[in-house]
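This report refers to the structure that appears directly beneath it.
The values are calculated or read from the model by the stated rules, or taken from the named source; none is laboratory data. Quantities reported herein were computed from a predicted structural model and do not represent experimental measurements. No Cβ is skipped: glycine too gets one built from the backbone with ideal geometry, and neighbour counts run over all protein chains shown. Note: accessible area is taken over every heavy atom of the protein model, side chains too, but ligands, DNA and RNA are not part of it. Shrake-Rupley method; radii C 1.70, N 1.55, O 1.52, S 1.80 Å.
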Amino acid sequence: MQPHTNDAPLDGNAAGGLLSELFAFDVTTASVICEGCETQGEVAQARVYGGTMGALLRCAHCDTVMIRLVHTPHGFWLDMRGARSFFVKPPAE
Amino acid sequence: MAQPPISRGFRGRKPPVQSDRIPPGQHLVHDFPVLSAGPTPHAPLSEWSFSLDQGGKALKEWSWEEFNALPQTRLKTDIHCVTTWSKLDTQWRGVSIDDLLKAAGLAEPPGDFTMAHCDGDYTTNVPVDDLAGGKGMVATHFEGEPLAPEHGGPARLLVPHLYFWKSAKWIRTLEFLDSDEPGFWEQLGYHIYGDPWQEQRYAGD
Ligand SMILES: [Zn+2]
(Lines give C-alpha, C1' and ligand atoms only; values in the text may rest on other atoms or scores of the structure.)
Protein backbone atom coordinates (compact mmCIF):
# COMPACT_ATOMS: atom_id res chain seq x y z
CA MET A 1 0.00 0.00 0.00
CA GLN A 2 2.57 2.53 -1.17
CA PRO A 3 0.34 5.64 -0.94
CA HIS A 4 -0.12 5.05 2.79
CA THR A 5 3.56 4.53 3.57
CA ASN A 6 6.09 7.19 4.45
CA ASP A 7 8.53 5.04 6.35
CA ALA A 8 11.18 5.71 3.71
CA PRO A 9 11.26 9.50 3.44
CA LEU A 10 11.11 11.35 0.14
CA ASP A 11 13.42 14.32 -0.39
CA GLY A 12 12.43 17.97 0.01
CA ASN A 13 11.19 18.27 -3.56
CA ALA A 14 8.23 16.16 -2.49
CA ALA A 15 7.00 19.10 -0.41
CA GLY A 16 7.56 21.62 -3.21
CA GLY A 17 3.96 21.71 -4.33
CA LEU A 18 2.60 22.32 -0.86
CA LEU A 19 5.24 24.96 -0.06
CA SER A 20 4.63 26.80 -3.32
CA GLU A 21 0.97 27.17 -2.40
CA LEU A 22 2.13 29.45 0.41
CA PHE A 23 5.33 31.04 -0.91
CA ALA A 24 5.69 33.09 -4.07
CA PHE A 25 9.06 31.55 -4.91
CA ASP A 26 10.21 27.96 -5.23
CA VAL A 27 11.30 27.26 -1.68
CA THR A 28 12.99 23.99 -2.63
CA THR A 29 15.73 26.00 -4.39
CA ALA A 30 16.43 28.04 -1.23
CA SER A 31 19.01 26.93 1.29
CA VAL A 32 18.23 26.65 4.96
CA ILE A 33 20.37 26.62 8.11
CA CYS A 34 19.28 23.93 10.58
CA GLU A 35 18.62 25.12 14.12
CA GLY A 36 19.78 21.77 15.47
CA CYS A 37 23.22 21.36 13.87
CA GLU A 38 23.74 24.68 12.03
CA THR A 39 24.37 22.86 8.76
CA GLN A 40 23.40 24.79 5.65
CA GLY A 41 21.72 22.77 2.93
CA GLU A 42 19.16 23.05 0.19
CA VAL A 43 15.54 22.64 1.22
CA ALA A 44 15.37 20.03 -1.55
CA GLN A 45 17.85 17.88 0.42
CA ALA A 46 15.65 17.73 3.54
CA ARG A 47 13.82 14.50 4.40
CA VAL A 48 10.04 14.70 4.35
CA TYR A 49 7.84 12.84 6.84
CA GLY A 50 4.25 13.21 8.01
CA GLY A 51 2.46 11.40 5.20
CA THR A 52 -0.92 12.91 4.48
CA MET A 53 -1.12 14.66 7.86
CA GLY A 54 1.34 17.35 6.79
CA ALA A 55 4.86 18.03 5.53
CA LEU A 56 7.61 17.68 8.13
CA LEU A 57 10.98 18.58 6.64
CA ARG A 58 13.79 17.12 8.73
CA CYS A 59 17.49 17.98 8.45
CA ALA A 60 19.34 15.32 6.45
CA HIS A 61 22.23 15.51 8.94
CA CYS A 62 20.62 15.55 12.40
CA ASP A 63 16.87 14.88 11.84
CA THR A 64 15.81 18.15 13.49
CA VAL A 65 12.36 19.18 12.19
CA MET A 66 13.16 22.40 10.32
CA ILE A 67 9.81 23.12 8.65
CA ARG A 68 6.33 21.93 9.62
CA LEU A 69 3.46 22.69 7.29
CA VAL A 70 -0.12 21.49 7.59
CA HIS A 71 -2.97 22.39 5.26
CA THR A 72 -6.26 21.96 7.10
CA PRO A 73 -9.74 22.84 5.79
CA HIS A 74 -9.44 25.96 7.97
CA GLY A 75 -6.12 27.20 6.55
CA PHE A 76 -2.34 26.73 6.63
CA TRP A 77 -0.27 26.11 9.74
CA LEU A 78 3.43 26.84 9.36
CA ASP A 79 6.11 26.33 12.03
CA MET A 80 9.73 27.07 11.14
CA ARG A 81 11.29 27.10 14.60
CA GLY A 82 13.79 24.45 13.49
CA ALA A 83 15.03 26.59 10.61
CA ARG A 84 17.43 29.34 11.69
CA SER A 85 17.44 31.21 8.40
CA PHE A 86 16.87 30.88 4.68
CA PHE A 87 18.99 32.06 1.77
CA VAL A 88 17.04 32.79 -1.40
CA LYS A 89 18.74 33.76 -4.63
CA PRO A 90 17.00 36.46 -6.68
CA PRO A 91 15.17 35.05 -9.70
CA ALA A 92 17.34 34.74 -12.82
CA GLU A 93 17.10 37.68 -15.28
CA MET B 1 1.70 -6.53 6.19
CA ALA B 2 -1.84 -7.03 4.88
CA GLN B 3 -3.77 -9.65 6.80
CA PRO B 4 -6.92 -11.14 5.36
CA PRO B 5 -9.92 -11.01 7.67
CA ILE B 6 -10.16 -14.16 9.77
CA SER B 7 -12.50 -16.84 8.37
CA ARG B 8 -13.27 -14.85 5.25
CA GLY B 9 -12.55 -17.98 3.24
CA PHE B 10 -15.25 -19.92 5.08
CA ARG B 11 -17.94 -17.40 4.36
CA GLY B 12 -16.84 -16.97 0.78
CA ARG B 13 -17.80 -13.32 0.71
CA LYS B 14 -17.05 -10.17 2.59
CA PRO B 15 -19.01 -9.63 5.78
CA PRO B 16 -21.12 -6.48 5.65
CA VAL B 17 -19.31 -3.37 6.85
CA GLN B 18 -20.32 -2.68 10.41
CA SER B 19 -21.04 1.00 9.96
CA ASP B 20 -21.88 1.45 13.62
CA ARG B 21 -18.18 0.84 14.26
CA ILE B 22 -16.87 3.20 11.57
CA PRO B 23 -16.87 6.86 12.69
CA PRO B 24 -18.04 9.57 10.27
CA GLY B 25 -15.66 10.26 7.39
CA GLN B 26 -13.70 7.04 7.92
CA HIS B 27 -13.28 3.98 5.69
CA LEU B 28 -12.34 0.41 6.57
CA VAL B 29 -8.89 -0.99 5.77
CA HIS B 30 -7.48 -4.48 6.27
CA ASP B 31 -3.80 -3.60 6.03
CA PHE B 32 -1.99 -1.49 8.63
CA PRO B 33 -0.87 1.77 7.01
CA VAL B 34 2.31 3.41 8.32
CA LEU B 35 2.42 7.12 9.08
CA SER B 36 5.49 8.53 10.82
CA ALA B 37 6.53 12.00 11.92
CA GLY B 38 10.16 10.96 11.70
CA PRO B 39 12.67 8.21 11.02
CA THR B 40 12.08 4.82 12.61
CA PRO B 41 14.43 4.45 15.60
CA HIS B 42 16.44 1.24 15.90
CA ALA B 43 18.09 1.66 19.31
CA PRO B 44 18.91 -1.61 21.13
CA LEU B 45 16.49 -2.66 23.86
CA SER B 46 19.35 -2.49 26.39
CA GLU B 47 19.24 1.31 25.93
CA TRP B 48 15.45 1.56 26.13
CA SER B 49 13.69 2.87 29.21
CA PHE B 50 10.23 4.15 30.03
CA SER B 51 9.38 6.64 32.75
CA LEU B 52 6.51 8.46 34.39
CA ASP B 53 7.59 12.07 34.89
CA GLN B 54 6.37 15.18 36.65
CA GLY B 55 8.00 18.60 36.73
CA GLY B 56 11.04 17.34 34.80
CA LYS B 57 11.75 14.54 37.28
CA ALA B 58 11.16 10.83 36.89
CA LEU B 59 8.61 9.48 39.35
CA LYS B 60 9.52 5.96 38.23
CA GLU B 61 11.66 4.51 35.46
CA TRP B 62 11.70 0.98 34.02
CA SER B 63 14.26 -0.81 31.89
CA TRP B 64 12.96 -3.01 29.05
CA GLU B 65 13.28 -6.12 31.27
CA GLU B 66 11.56 -4.44 34.20
CA PHE B 67 8.81 -3.12 31.98
CA ASN B 68 8.03 -6.55 30.55
CA ALA B 69 7.80 -8.01 34.07
CA LEU B 70 4.82 -5.71 34.82
CA PRO B 71 1.26 -7.12 34.69
CA GLN B 72 0.14 -7.63 31.10
CA THR B 73 -3.17 -6.46 29.67
CA ARG B 74 -4.70 -7.72 26.43
CA LEU B 75 -7.03 -5.53 24.41
CA LYS B 76 -9.05 -6.14 21.25
CA THR B 77 -10.16 -2.84 19.81
CA ASP B 78 -10.89 -0.73 16.74
CA ILE B 79 -8.48 2.05 15.72
CA HIS B 80 -9.17 5.19 13.70
CA CYS B 81 -6.52 7.30 11.93
CA VAL B 82 -7.25 10.96 11.16
CA THR B 83 -6.12 10.27 7.58
CA THR B 84 -9.54 8.48 7.31
CA TRP B 85 -8.69 4.79 7.68
CA SER B 86 -10.18 2.61 10.39
CA LYS B 87 -9.15 -0.92 11.31
CA LEU B 88 -11.37 -3.26 13.33
CA ASP B 89 -10.56 -5.88 15.96
CA THR B 90 -6.86 -5.14 16.36
CA GLN B 91 -5.28 -7.12 19.18
CA TRP B 92 -2.75 -5.58 21.53
CA ARG B 93 -0.79 -6.51 24.62
CA GLY B 94 1.03 -4.21 26.98
CA VAL B 95 0.88 -2.55 30.37
CA SER B 96 -2.19 -0.51 31.28
CA ILE B 97 -1.74 3.02 32.59
CA ASP B 98 -3.55 1.86 35.75
CA ASP B 99 -0.89 -0.81 36.33
CA LEU B 100 1.91 1.66 35.61
CA LEU B 101 0.54 4.04 38.23
CA LYS B 102 0.21 1.18 40.70
CA ALA B 103 3.74 -0.05 40.00
CA ALA B 104 5.03 3.48 40.54
CA GLY B 105 3.34 3.54 43.96
CA LEU B 106 0.91 6.26 42.92
CA ALA B 107 -2.55 5.95 44.47
CA GLU B 108 -3.83 8.63 42.09
CA PRO B 109 -2.53 10.15 38.84
CA PRO B 110 -0.33 13.13 39.82
CA GLY B 111 -2.02 15.49 37.35
CA ASP B 112 -5.15 15.81 35.23
CA PHE B 113 -3.31 15.86 31.89
CA THR B 114 -0.39 14.07 30.26
CA MET B 115 2.14 14.63 27.51
CA ALA B 116 3.64 11.59 25.83
CA HIS B 117 7.29 12.11 24.85
CA CYS B 118 8.75 9.88 22.17
CA ASP B 119 11.92 9.15 20.24
CA GLY B 120 12.20 11.59 17.35
CA ASP B 121 10.95 14.58 19.38
CA TYR B 122 7.32 13.58 18.90
CA THR B 123 4.80 14.55 21.57
CA THR B 124 1.07 14.27 22.02
CA ASN B 125 -1.27 15.37 24.82
CA VAL B 126 -3.94 13.15 26.39
CA PRO B 127 -6.13 13.86 29.44
CA VAL B 128 -5.59 11.42 32.32
CA ASP B 129 -9.31 10.49 32.22
CA ASP B 130 -8.68 9.07 28.72
CA LEU B 131 -5.81 6.85 29.95
CA ALA B 132 -6.78 5.68 33.45
CA GLY B 133 -9.74 3.42 34.19
CA GLY B 134 -8.64 0.82 31.64
CA LYS B 135 -8.73 3.24 28.70
CA GLY B 136 -5.06 3.38 27.74
CA MET B 137 -1.91 1.29 27.77
CA VAL B 138 1.70 1.26 26.68
CA ALA B 139 1.59 -1.52 24.07
CA THR B 140 4.52 -3.79 23.24
CA HIS B 141 2.74 -6.49 21.20
CA PHE B 142 0.42 -6.43 18.18
CA GLU B 143 -1.45 -9.53 16.96
CA GLY B 144 0.64 -11.72 19.25
CA GLU B 145 4.00 -10.49 17.95
CA PRO B 146 6.44 -7.92 19.29
CA LEU B 147 5.36 -4.53 17.93
CA ALA B 148 7.28 -3.83 14.71
CA PRO B 149 9.51 -0.71 14.69
CA GLU B 150 7.55 0.96 11.86
CA HIS B 151 4.37 0.58 13.93
CA GLY B 152 5.96 2.09 17.03
CA GLY B 153 7.94 -0.78 18.53
CA PRO B 154 9.34 -1.47 20.97
CA ALA B 155 6.49 0.39 22.69
CA ARG B 156 3.74 2.82 21.77
CA LEU B 157 0.95 4.51 23.63
CA LEU B 158 -2.47 3.04 22.82
CA VAL B 159 -5.55 5.24 23.30
CA PRO B 160 -7.88 3.61 20.79
CA HIS B 161 -10.96 5.78 21.40
CA LEU B 162 -9.09 8.87 20.13
CA TYR B 163 -7.63 9.44 16.65
CA PHE B 164 -4.56 7.27 16.24
CA TRP B 165 -1.97 10.11 16.26
CA LYS B 166 -2.67 10.18 20.02
CA SER B 167 -1.40 6.58 20.22
CA ALA B 168 2.16 7.86 20.04
CA LYS B 169 4.77 5.59 18.49
CA TRP B 170 8.15 5.02 20.22
CA ILE B 171 6.96 6.38 23.58
CA ARG B 172 9.64 6.85 26.24
CA THR B 173 8.05 9.13 28.85
CA LEU B 174 4.57 9.92 30.06
CA GLU B 175 4.67 13.33 31.73
CA PHE B 176 1.92 14.41 34.12
CA LEU B 177 0.73 18.01 33.86
CA ASP B 178 -1.76 20.20 35.71
CA SER B 179 -3.05 21.83 32.52
CA ASP B 180 -3.59 20.67 28.94
CA GLU B 181 -0.85 21.64 26.49
CA PRO B 182 -0.77 20.96 22.74
CA GLY B 183 1.59 18.27 21.44
CA PHE B 184 3.33 17.97 18.08
CA TRP B 185 0.35 17.80 15.68
CA GLU B 186 -1.89 19.70 18.08
CA GLN B 187 0.39 22.74 17.63
CA LEU B 188 -0.04 22.41 13.86
CA GLY B 189 -3.78 22.72 13.53
CA TYR B 190 -4.91 19.28 14.63
CA HIS B 191 -7.60 19.01 17.30
CA ILE B 192 -6.52 19.27 20.93
CA TYR B 193 -8.66 16.23 21.90
CA GLY B 194 -9.34 14.22 18.73
CA ASP B 195 -12.55 12.22 19.25
CA PRO B 196 -13.25 10.32 16.00
CA TRP B 197 -16.98 9.99 16.80
CA GLN B 198 -17.24 13.79 17.02
CA GLU B 199 -14.96 14.04 13.94
CA GLN B 200 -12.58 16.31 15.84
CA ARG B 201 -9.83 16.27 13.21
CA TYR B 202 -8.67 19.89 13.21
CA ALA B 203 -8.59 22.81 15.62
CA GLY B 204 -11.92 24.55 15.16
CA ASP B 205 -13.85 21.39 14.20
ZN1 LIG C 1 20.58 19.58 11.46
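So here's what we get for this one:
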| item | result |
| --- | --- |
| Debye equation applied to the C-alpha atoms of the protein assembly as shown, log10 I(q)/I(0) at 0.09 Å⁻¹ | -0.47 |
| Surface share of carbon and sulfur [accessible, 1.4 angstrom probe, percent] for chain B | 50 percent |
| Segment B:43-133: GluC sites (Glu not before Pro) in DSSP loop, at most 12 other beta carbons within 10 Å | none |
| Rough spin-label spacing in nm, given labels placed 7 Å along Cα→Cβ, for residue A:86 and residue B:108 | 4.9 nm |
| Peptide-level mean, for A:48-58, of C-beta atoms on other protein chains within 10 Å | 5 |
| All-pairs Cα distance distribution in chain B, expressed in whole percent, bin size 10 Å | 8, 36, 37, 16, 4, 0 |
| Efficiency of FRET from Cβ geometry, residue B:148 and residue B:28, R₀ 30 Å, rounded to 0.05 | 0.90 |
| Of all DSSP beta bridges in the protein assembly as shown, antiparallel share, percent nearest 5 | 90 percent |
| Spin-label zone in segment B:140-170 - amide nitrogen under 17 Å from a point set 7 Å from the Cα of residue B:192 along the C-beta vector | B:163, B:166 |
| Modelled FRET efficiency - R0 41 Å, residue B:65 with residue A:39, Cβ distances, 0.05 increments | 0.60 |
| Per-residue average of Cβ from other chains inside 10 Å of B:27-40 | 5 |
| Rg/Rh (Cα only; Kirkwood hydrodynamic radius) as it applies to chain A | 0.96 |
| Sequence-distant residues sharing a close amide H with residue B:124 (under 5 Å, placed H) | B:116, B:184 |
| ³J(HN,Hα) computed for each position of segment B:179-189 - Karplus, 6.51 cos²θ - 1.76 cosθ + 1.60, integer Hz, glycine/proline x | 10, 6, 10, x, x, 4, 6, 5, 7, 10, x |
| Exercise: per-residue mean of other protein chain Cβ atoms within 10 Å, B:147-154 | 1 |
| Sparsely packed chymotrypsin sites (Phe, Trp or Tyr not before Pro) within segment A:25-93, loop by DSSP, other Cβ within 10 Å at most 15 | A:25 |
| Reachable lysines from residue B:166, criterion Cα separation under 17 angstrom, eight or more residues apart if same chain | B:87, B:135 |
